[in-house]
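Note sheet for the following structure.
The values are calculated or read from the model by the stated rules, or taken from the named source; none is laboratory data. This is a predicted model, so every value here is computed, not measured. Backbone-built Cβ (ideal geometry, glycine too); neighbour counts: all protein chains shown. Surface accessibility is based on the protein's heavy atoms, side chains included, excluding ligands, DNA and RNA. Shrake-Rupley method; radii C 1.70, N 1.55, O 1.52, S 1.80 Å.
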Amino acid sequence: MDPTFLITAFVALFVVIDPIGLAPLFVALTAGMSPQKRRAIGIRACLVAVGILLVFSIFGTSILTFAGISMPAFRIAGGILLFITALDMLFERRQKRREDSAEEDDLDDDDPSVFPLAIPLIAGPGSITTIILLVGQTEGTTGYAAVMGVLLGILALVLLMFFSASAIERLLGKTGITVVTRLLGMLLAALSVQFVLDGLSSFGLGS
């Protein structure tokens, strides 16, 4: 497995899932809860997200084939979607939507593990699109296992951020989190353009 691809996979999933950006939302959603309950919610959210992304990693390409959508076309569409997500991160619209979703759910239920944490904050459209794109670029069991290993590593970071959310929020502050989010947005914008170029190249339109 090409180490460059693994690095690209890690950066793409890290930026889309954004463990650092999820930390303050986890704090807000679990405010006033005991440490034991917060840990249980964090673990449950990550397990549900793993299950959802695993299903799409296995059946995502089959669904595309059934719908008559080629992988190059999906790469281009996915790249455009990820670019929009990057713009939202750069202009802070993404975090605002996450906060609104968190507030709405907080009014209805005191267990946010499935919604909104697992869906759509962790396993949302961006991460689902990214996992299908990455799996589509691999061949054989080894490549698939490598992508899944990267995914599990990212979700392990998410869980670590959940467990350390309060300390990280105090350390970075609102300004620090904003700076990190915008830097990640720039990385995601570049990766999304690369996805589009790869799709065009597969059609014979790239350089």
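So for the range 48-59 (the condition being open to solvent by 60 Å² or more (accessible area, probe 1.4 Å) and either among the β-branched types (Val, Ile, Thr) or touching a Gly at 6+ places or on another chain (Cβ under 6 Å) (or both)), does at least one residue qualify? Spell out the reasoning first.
Just the residues of the range 48-59 that are open to solvent by 60 Å² or more (accessible area, probe 1.4 Å), to begin with: 54-56, 58-59.
Checking the rest, the ones that are also either among the β-branched types (Val, Ile, Thr) or touching a Gly at 6+ places or on another chain (Cβ under 6 Å) (or both) come to 55, 58.
Within the range 48-59 (the criterion being open to solvent by 60 Å² or more (accessible area, probe 1.4 Å) and either among the β-branched types (Val, Ile, Thr) or touching a Gly at 6+ places or on another chain (Cβ under 6 Å) (or both)), the answer is yes, since at least one residue qualifies.
Look at the range 84-98 and say how many of its residues are open to solvent by 80 Å² or more (accessible area, probe 1.4 Å) and at pLDDT 75 or above.
2
Do we have Ala102 as modelled with pLDDT under 65, over 15 Å from Gly185 (Cβ atoms), within 18 Å of the chain's Cα centre (by Cα) and not β-branched (Val, Ile, Thr) here?
On the way: modelled with pLDDT under 65: yes; over 15 Å from Gly185 (Cβ atoms): yes; within 18 Å of the chain's Cα centre (by Cα): yes; not β-branched (Val, Ile, Thr): yes.
It is true that Ala102 is modelled with pLDDT under 65, over 15 Å from Gly185 (Cβ atoms), within 18 Å of the chain's Cα centre (by Cα) and not β-branched (Val, Ile, Thr).
Could you list, in sequence order, all residues of the range 136-148 that are on the phi < 0 side of the Ramachandran plot, over 15 Å from the mean Cα position of the chain (by Cα) and not acidic (Asp, Glu)?
First pass over the range 136-148, keeping only residues on the phi < 0 side of the Ramachandran plot: 136-139, 141-148.
If we keep only those that are over 15 Å from the mean Cα position of the chain (by Cα) as well, we get 136-139, 141-146.
Those that are on the phi < 0 side of the Ramachandran plot, over 15 Å from the mean Cα position of the chain (by Cα) and not acidic (Asp, Glu): Gly136, Gln137, Thr138, Thr141, Thr142, Gly143, Tyr144, Ala145, Ala146.
Have a look at Ile128, Ile69 and point out the one that is open to solvent by 70 Å² or more (accessible area, probe 1.4 Å) and either of a type in the set (Gly, Ala, Ser) or modelled with pLDDT of 75 or more (or both). Before you say what the answer is, go through the steps one by one.
Values: Ile128 fails: open to solvent by 70 Å² or more (accessible area, probe 1.4 Å).
Answer to the selection: Ile69.
Listed here are the residues, each with its yes/no results for (1) open to solvent by 40 Å² or more (accessible area, probe 1.4 Å); (2) modelled with pLDDT of 90 or more.
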| residue | (1), (2) |
| --- | --- |
| Leu13 | no, yes |
| Ala28 | yes, no |
| Arg39 | yes, yes |
| Arg44 | yes, yes |
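Here is a yes/no grid of residues against (1) more than 17 Å from the chain's Cα centre (by Cα); (2) surrounded by 13 or more Cβ atoms within 10 Å (Cβ to Cβ); (3) under 26 Å from Ser57 (Cβ atoms):
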residue	(1), (2), (3)
Val150	no, yes, yes
Gly153	no, yes, yes
Val158	no, yes, yes
Thr175	yes, no, no
Gln194	yes, yes, yes
Gly199	yes, yes, yes
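Could you tell me whether any residue of the range 139-146 is at pLDDT 90 or above, out of contact with any helix residue (DSSP H, G or I) (no Cβ under 7 Å at 6 or more places or on another chain) and either within 23 Å of Ser192 (Cα to Cα) or open to solvent by less than 60 Å² (accessible area, probe 1.4 Å) (or both)?
Going residue by residue through the range 139-146, those that are at pLDDT 90 or above are 141-146.
Remaining after also requiring out of contact with any helix residue (DSSP H, G or I) (no Cβ under 7 Å at 6 or more places or on another chain): 141-143, 145.
With the extra rule that they be either within 23 Å of Ser192 (Cα to Cα) or open to solvent by less than 60 Å² (accessible area, probe 1.4 Å) (or both), the set shrinks to 143, 145.
The answer is yes; a qualifying residue exists.
When you go through Ser207, Ser164 one by one, which is the residue that is surrounded by fewer than 16 Cβ atoms within 10 Å (Cβ to Cβ), modelled with pLDDT of 80 or more, out of contact with any helix residue (DSSP H, G or I) (no Cβ under 6 Å at 6 or more places or on another chain) and farther than 19 Å from Leu6 by Cα? Write out each step before concluding.
Working: Ser207 fails: modelled with pLDDT of 80 or more.
Going through Ser207, Ser164 in turn, just one is surrounded by fewer than 16 Cβ atoms within 10 Å (Cβ to Cβ), modelled with pLDDT of 80 or more, out of contact with any helix residue (DSSP H, G or I) (no Cβ under 6 Å at 6 or more places or on another chain) and farther than 19 Å from Leu6 by Cα: Ser164.
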